[in-house]
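Structure first, then comments.
The values are calculated or read from the model by the stated rules, or taken from the named source; none is laboratory data. Keep in mind that what you see is a predicted model, and the values were worked out from it rather than measured. Cβ placement follows ideal geometry from the backbone for every residue including glycine, while neighbour counts extend to all protein chains displayed. All accessible areas refer to the heavy atoms of the entire protein, side chains included, with ligands and DNA or RNA removed. Shrake-Rupley method; radii C 1.70, N 1.55, O 1.52, S 1.80 Å.
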Amino acid sequence: MKFKSVAFSFLFLISTSILFSQKIKEEELAPKYRDWLKLVDYIILPQEKEVFLQLKNDRDRDIFIETFWKQRDPTPGTPQNEFKDEHINRFLYANEHFRRGTTREGWMTDMGRIYILLGPPNSIERFDMQAGVHPCEVWYYYGDTKRGLPPHFAVIFYKRGGVGEYKLYNPVSDGPESLLIDTQGIDLTDFSSVYNKIKELAPTLANVSFTLIPGQVPYRFTPSQSAPILLANILDYQKKKVSPAYATNFLNYKGIVSVEYATNFIECISHLSVFRDLGLDLFFVHFSINPKSVSVDYFEPKDQYYLNYQLTVNLRKGEEIIFQYTKDYPLYFSPSQMEKIRAGGLSIQDSFPVVSGDYTVTVLLQNSVGKEFSFFEKIIHVPEKSGLPFISGINLAYDIQKEEGSSHLPYKVGQKRYFIDPSNLFSTKDKIILFLDLVNITKEFWEKGEIEIKIESSDKKEKLLDKIYLRDFSYSNNMEMSKEIGSGLPSDYYQMIIALKESGKEIQKERVNFSISNSPNLPHPNIFSKRLPSQNNFLLFYMLATQAEKLKKNDEAEIYYKKILELNPEFIDGILSYSNFLLNMRRFEEALLFAEKLKDNPEKKFDYFLLKGQAFRGLGNFPEAINNLLEANKIYNSDIRVLNSLGYCYFKIGRKEEAIRALKSSLSLDPKQKDIEELVRRIEGEKK
């Protein structure tokens with residue numbers, strides 16, 4: 001079989017922020033990390049350095065350094081990193097060749113810095129012994145216009161006052177007169193006189209000393225203001241190659257991504273929204289993650305491209321994970337489909353139900369081809385089902401499609417499916433559809449409520465697009481609304497302002513940024529998602545039951561468990577989870593009753609006996625508890641729940657040797673059980 005790995009990139013705009021924690025001082029780092037910071041001093045972004053100095057151990061520092069270089073690799077996927085090799089060679093050359101005449105290391109000199117950033121010049125002109133001019137060197141380069149450099153330019157170094165090391169010359173701040181040894185008889189306020197004097201002594205130096213651009217003569221011979229801009233662009237040149245997104249996210253993802261993936265961060269753009277499914281009367285988190293680039297393999301015999309994504313999502317309350325799931329997305333593309341992927345990129349979309357509260361959602365997308373990953377985190381608020389009127393989801397779509405049936409899909413509302421591009425970038429031919437979710441609408445608010453939609457262009461001019469009066473729609477406690485708002489808008493950057501009002505008084509205001517391209521045929525990402533048929537709705541309630549139980553919302557959890565078993569009485573995982581829930585609620589008789597539903601399932605035999613053993617223990621029937629726990633132990637003899645329960649039951653019926661043996665076996669598996677240690681000491685004390 002013949003495979004070929006290829007990678008495609010898509011251009012997205014992304015904004016990130018980071019909360020910085022306590023940093024280590026550079027001098028406290030091990031020598032190899034201090035040396036690395038020296039090596040990259042001119043190319044490291046401030047955000048990258050900020051994150052690096054927050055890392056707590058050498059393993060994370062090593063992973064960060066490897067990731068740092070990979071973000072700059074011009075040929076990812078090959079063994080060689082040409083940028084890294086070239087940068088190290090330039091650094092070593094600068095250190096060796098530019099330390100003469102200075103007490104500083106060569107890389108720290110101005111010549112060393114420019115050499116490291118731009119490499120060897122295309123040509124050099126020296127004015128070491130030129131009569132009347134301080135020692136100078138002019139380095140000529142051909143520039144990369146895509147990154148802010150002119151096609152041809154010069155960099156000048158000179159010895160100020162004729163002594164010391166060569167310094168970088170700035171025509172504006174230093175002044176052309178600083179190149180002259182003797183300025184007697186020259187009117188320094190008359191730049192043409194200065195120019196003529198330099199030209200008399202060194203014509204080619206005069207040619208660049210005012211502008212740094214060969215052949216360019218400034219207006220009235222005034223030192224060009226473009227020169228300091230050019231120098232600033234040179235000093236920033238290598239930093240323009242890299243987005244800081246991987247670094248600003250590093251502190252978050254370093255604990256959840258395996259080492260083999262950790263250095264291959266792919267920037268992404270994402271969208272997340274919370275709105276209610278009116279049919280199910282449940283809140284859902286809907287999200288889209290679009291990697292900036294994607295690696296695919298090519299299978300030549302079938303002329304087919306493929307990749308394999310694994311999506312991992314978790315919902316956190318503080319530091320505790322309330323809910324987590326994983327889905328696989330094996331994707332296959334024909335060459336024609338691959339062309340569409342190249343043009344618009346791809347978008348993995350998904351959704352899951354969520355109980356009310358405030359959470360952090362983490363989305364991790366890993367591609368086994370290339371061992372690369374994308375990642376984002378967002379804080380969400382899920383409103384209570386009763387409370388103040390609230391806009392819970394504001395979204396912009398570029399298209400809408402009728403979706404028959406009751407199956408669940410991301411960004412589906414009722415019988416409509418909205419198509420989201422997380423960049424909120426629209427073409428002049430696109431529809432721009434605002435859709436939002438209103439919850440907790442009382443009859444009184446419905447009569448007085450309104451939604452005001454304004455739009456603000458890049459010139460800060462504000463325009464009222466519409467006022468929507470709720471009473472113009474059929475009353476419901478929860479209302480979904482949509483409106484096409486893009487007709488006639490010219491290409492520009494916009495901010496939409498959506499205000500919820502009651503009798504003209506504003507009670508909530510939200511803002512959404514979007515932009516309209518001047519291109520009529522802007523490609524949008526190719527969307528991949530999974531449909532959940534309505535007959536599997538019991539799985540949605542299972543997710544909610546898990547969340548509610550973790551949050552100790554026990555009444556809510558029980559409602560969901562009962563709904564699960566109403567929809568699918570044979571759902572074994574639901575039966576098992578509900579039985580454990582009843583056990584935790586100390587409803588032991590009910591737990592025993594539900595445990596019997598597991599009796600004939602060969603895959604749940606261990607759980608069946610464990611449940612019964614713990615329920616009988618709770619009821620004080622220790623002999624019956626021991627019988628069931630021993631059956632569980634025959635199936636799996638390294639479960640601390642079984643061993644701890646056995647030890648406790650043996651102790652309660654006076655079989656202390658067996659109690660100690662079971663409890664010590666548990667401690668050998670997990671030594672950090674303080675309560676079990678205390679129970680062992682107590683039993684041993686009673687034996688004496």
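Quick notes on this structure:
- Matching entry among 221, 250, 191 (being surrounded by 22 or more Cβ atoms within 10 Å (Cβ to Cβ) and not small (Gly, Ala, Ser)): 250
Residue by residue, here is whether (1) open to solvent by less than 30 Å² (accessible area, probe 1.4 Å); (2) in contact with a helix residue (DSSP H, G or I) (Cβ under 8 Å, 6 or more places away or on another chain); (3) over 27 Å from residue 324 (Cβ atoms); (4) in a loop (DSSP other than H, G, I, E, B) holds:
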residue: 560; (1), (2), (3), (4): yes, yes, no, no
residue: 563; (1), (2), (3), (4): no, yes, no, no
residue: 570; (1), (2), (3), (4): no, no, no, yes
residue: 576; (1), (2), (3), (4): yes, yes, no, no
residue: 582; (1), (2), (3), (4): yes, yes, no, no
residue: 628; (1), (2), (3), (4): yes, yes, yes, no
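- Selected residue (criterion: farthest from residue 237 (Cα to Cα)) from residues of the range 23-51 that are in contact with an Asp or Glu (Cβ under 9 Å, 6 or more places away or on another chain) and open to solvent by less than 20 Å² (accessible area, probe 1.4 Å): 33
- Residue in the range 379-386 that is closer than 22 Å to residue 247 by Cα, open to solvent by 50 Å² or more (accessible area, probe 1.4 Å) and either in contact (Cβ under 8 Å) with a residue 12 or more places away in the chain or within 24 Å of the chain's Cα centre (by Cα) (or both) present: yes
- Check on residue 292, over 30 Å from residue 537 (Cα atoms) and open to solvent by 30 Å² or more (accessible area, probe 1.4 Å): yes
- Residues being open to solvent by less than 80 Å² (accessible area, probe 1.4 Å) and over 46 Å from the mean Cα position of the chain (by Cα) - total across the range 630-673: 15
- Remark: pairs (first residue in the range 163-185, touching a residue at least 24 places away in the same chain (Cβ under 8 Å) and under 12 Å from residue 136 (Cβ atoms); second residue open to solvent by 40 Å² or more (accessible area, probe 1.4 Å) and part of a loop (DSSP other than H, G, I, E, B); Cβ separation under 7 Å; 6+ apart in sequence or on different chains) = 166/159.
- Wholly enclosed strands (runs of 3 or more DSSP E) of the range 453-556 bearing at least 1 residues without any contact (Cβ under 8 Å) to a residue 40 or more places away in the chain and open to solvent by less than 50 Å² (accessible area, probe 1.4 Å): 462-469, 492-502
- So residue 256, is it open to solvent by 10 Å² or more (accessible area, probe 1.4 Å), part of a strand (DSSP E or B) and under 23 Å from residue 379 (Cβ atoms): no
- Filter result (acidic (Asp, Glu) and in a strand (DSSP E or B)) within the range 337-377: 350, 358, 372, 377
- Residue-level check: of (1) assigned to a loop (DSSP other than H, G, I, E, B); (2) out of contact with any helix residue (DSSP H, G or I) (no Cβ under 7 Å at 6 or more places or on another chain); (3) not hydrophobic (A, V, I, L, M, F, W, C), residue 187 misses just (2).
- Search result, residues across the range 66-101 that are open to solvent by 30 Å² or more (accessible area, probe 1.4 Å) and either hydroxyl-bearing (Ser, Thr, Tyr) or within 20 Å of the chain's Cα centre (by Cα) (or both): 66, 70, 71, 75, 78, 93
- Residues (among the aliphatic types (A, V, I, L, M), assigned to a strand (DSSP E or B) and within 27 Å of residue 321 (Cα to Cα)) located in the range 378-419: 379, 380, 382, 391, 394
Here is a yes/no grid of residues against (1) surrounded by 13 or more Cβ atoms within 10 Å (Cβ to Cβ); (2) touching a residue at least 40 places away in the same chain (Cβ under 8 Å); (3) part of a strand (DSSP E or B); (4) not aromatic (Phe, Trp, Tyr):
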site: 284; (1), (2), (3), (4): yes, yes, yes, no
site: 287; (1), (2), (3), (4): yes, yes, yes, no
site: 297; (1), (2), (3), (4): yes, yes, yes, yes
site: 301; (1), (2), (3), (4): no, yes, no, yes
site: 309; (1), (2), (3), (4): yes, yes, yes, no
site: 314; (1), (2), (3), (4): yes, yes, yes, yes
site: 330; (1), (2), (3), (4): no, no, yes, yes
